[in-house]
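Working notes, beginning with the structure itself.
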Amino acid sequence: MGVFKAAAIQMRSGESPERNAVDLERLVREAASLGATYIQTPEMTGALIRDKEARAASFTSEDKDIIVATARKLASELGVFLHIGSTAILRADGKLANRALLFGPDGAALATYDKIHMFDVDLDNGESWRESAAYEPGTEAVVTEIDGARLGFAVCYDLRFPQLFRAEALAGADLLSVPAAFTRQTGEAHWHLLLRARAIENGAYVVAAAQGGLHEDGRETFGHSLIVDPWGRIIAEAAHAEPGVIVAEIDTAQSSAARKKIPNLKNARDFAVNAGTAEAPRLRGAAS
């Protein structure tokens, strides 16, 4: 079991990775000064750039990326687990990944996760997003150990796919991460509800660091970074869209207690869907 302080950093990343790295360092140091030993940053910590050509010119490989280098240095200096919620990384095949990276207290890279679900939507207010036009989706869920907790990875739009979180919970995750850059419109509608639902469904803590405010490239994100306990209670919130830090205590014994009270992870069963077709699919409700 693990007891530690977690921090979610709220940012307003602009188009310059160098300027964003400066903001990242300031906020990570603030989080560490508050006693946090697990610190999470939002989706696209490195830069939010809508223009395709400018985006291609700004991003580079993991070994040359300024956000990666800054995070590695800070994790080692401060002795913390530093989770870059995501940043754009140029892969060896020339495609971009929306990649989360976790660094340990010695600065070593412990895990990476490439966002699986691409945000391809048309919103009522006229906004249109095609993440798949810029990024190659990941294919693998990731769970790793930090401070006596088991951390499951996700990024932003992944939040709307509960099967990902259920698979990670069944693999032992008692702390789920949802770093995000939710649009203001979708955030106002669903952000709090979905994060609390993922915590309740899986008897797990949820830490969700968010982007917030009006960005240089014209998009507007919702903010409201949250930390939710395994019973679905909000235990820390940035109740605004301004940059800042929130901190809360994580006690994985509370996850075990919630799962004992409502053992839905153990009680799930496989079932078929009868949709009037000759061959109905079978869906898996629990690990076999």
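The values are calculated or read from the model by the stated rules, or taken from the named source; none is laboratory data. Quick caveat, the model's predicted, so the values are computed rather than measured. Note: ideal-geometry Cβ built from the backbone for every residue, glycine included; neighbour counts use all protein chains shown. For accessibility, only protein heavy atoms count, side chains too; no ligands or nucleic acids. Shrake-Rupley method; radii C 1.70, N 1.55, O 1.52, S 1.80 Å.
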Residue count for the stretch 77-95, restricted to those that are in contact with a Leu (Cβ under 9 Å, 6 or more places away or on another chain) and either of a type in the set (D, E, K, R) or in a helix (DSSP H, G or I) (or both) = 0
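Taking LEU170, is it touching a residue at least 60 places away in the same chain (Cβ under 8 Å) and either open to solvent by 10 Å² or more (accessible area, probe 1.4 Å) or charged (D, E, K, R) (or both)?
Working: touching a residue at least 60 places away in the same chain (Cβ under 8 Å): yes; either open to solvent by 10 Å² or more (accessible area, probe 1.4 Å) or charged (D, E, K, R) (or both): yes.
When the stated conditions are applied, LEU170 passes them.
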Only one residue in LYS95, LYS115, LYS64, LYS73 is surrounded by fewer than 17 Cβ atoms within 10 Å (Cβ to Cβ) and either in contact with a Pro (Cβ under 9 Å, 6 or more places away or on another chain) or closer than 21 Å to ALA209 by Cβ (or both). Which one?
-> LYS73
Among the residues of the stretch 21-51, how many are within 17 Å of ALA6 (Cα to Cα), touching a helix residue (DSSP H, G or I) at 6+ places or on another chain (Cβ under 7 Å), among the hydrophobic types (A, V, I, L, M, F, W, C) and assigned to a loop (DSSP other than H, G, I, E, B)?
-> 0
Go through the stretch 230-259 and give me each residue that's assigned to a helix (DSSP H, G or I) and open to solvent by 60 Å² or more (accessible area, probe 1.4 Å).
-> GLN254
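Each row is one residue, and each column tells you yes or no for (1) open to solvent by 60 Å² or more (accessible area, probe 1.4 Å); (2) polar (S, T, N, Q); (3) closer than 23 Å to SER225 by Cα; (4) modelled with pLDDT under 95.
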site: PHE119; (1), (2), (3), (4): no, no, yes, yes
site: GLY126; (1), (2), (3), (4): yes, no, no, yes
site: GLU140; (1), (2), (3), (4): yes, no, no, no
site: GLY148; (1), (2), (3), (4): no, no, no, yes
site: ALA154; (1), (2), (3), (4): no, no, yes, no
site: ASP158; (1), (2), (3), (4): no, no, yes, no
site: PHE165; (1), (2), (3), (4): no, no, yes, no
site: ASP174; (1), (2), (3), (4): no, no, yes, no
Cβ pairs under 8 Å, 6+ apart, first in the stretch 155-167 and within 19 Å of SER132 (Cβ to Cβ) and without any contact (Cβ under 8 Å) to a residue 60 or more places away in the chain, second of a type in the set (Val, Ile, Thr) and open to solvent by less than 10 Å² (accessible area, probe 1.4 Å) = ASP158/VAL178; LEU159/VAL178
ARG55 passes all but one of the listed conditions (1) of a type outside the set (Val, Ile, Thr); (2) farther than 25 Å from LEU176 by Cα; (3) in a loop (DSSP other than H, G, I, E, B); the exception is number (3)
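Against the condition open to solvent by 10 Å² or more (accessible area, probe 1.4 Å), under 25 Å from LEU96 (Cα atoms) and touching a helix residue (DSSP H, G or I) at 6+ places or on another chain (Cβ under 7 Å), how does PHE182 come out, does it pass?
On the way: open to solvent by 10 Å² or more (accessible area, probe 1.4 Å): yes; under 25 Å from LEU96 (Cα atoms): yes; touching a helix residue (DSSP H, G or I) at 6+ places or on another chain (Cβ under 7 Å): yes.
So PHE182 fits the description; yes.
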